């Protein structure tokens, strides 16, 4: 796990970096699923999107190499 981030003298939690890394991955997966017509099979698309984003974020945090 990384320690806090120093951005222009302001310390931020490391989750900010992970969220910023997860957003483009989520957008790419969302576009691919939309083009495949995947959303027709999903009961609650908004709930699925939140779960997908949290899954991507969790994987990034868990797979990040420890110092």
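Rule-based calculations on the coordinates, nothing more; no lab input. Treat the numbers as computed from the prediction; the structure is a model and nothing was measured. Counting neighbours? That spans all protein chains shown, and the Cβs are built from the backbone with ideal geometry, glycine included.
Mean projection of the alpha-carbon convex hull of the chain over all orientations, in nm²? Mean shadow area of the hull around the Cα atoms is 5.5 nm². Among 25, 56, 42, the largest mean-square fluctuation in a Gaussian network model of the chain, built with springs joining Cα atoms closer than 10 Å, belongs to 42.
Entry note, the chain: the mean residue ellipticity at 222 nm calculated from DSSP H runs of n ≥ 4, each adding -39500 (n - 2.57), is -20500 deg cm²/dmol after division by the residues and rounding to the nearest 500.
With a 10 Å cut-off between alpha carbons and a GNM built on the chain, which of 51, 21, 41 moves the most? It is 41.
Given a Förster radius of 22 Å and the C-beta distance between residue 62 and residue 41 as r, what FRET efficiency does 1/(1 + (r/R0)^6) yield to the nearest 0.05? For R0 = 22 Å, the calculated efficiency reads 0.20.
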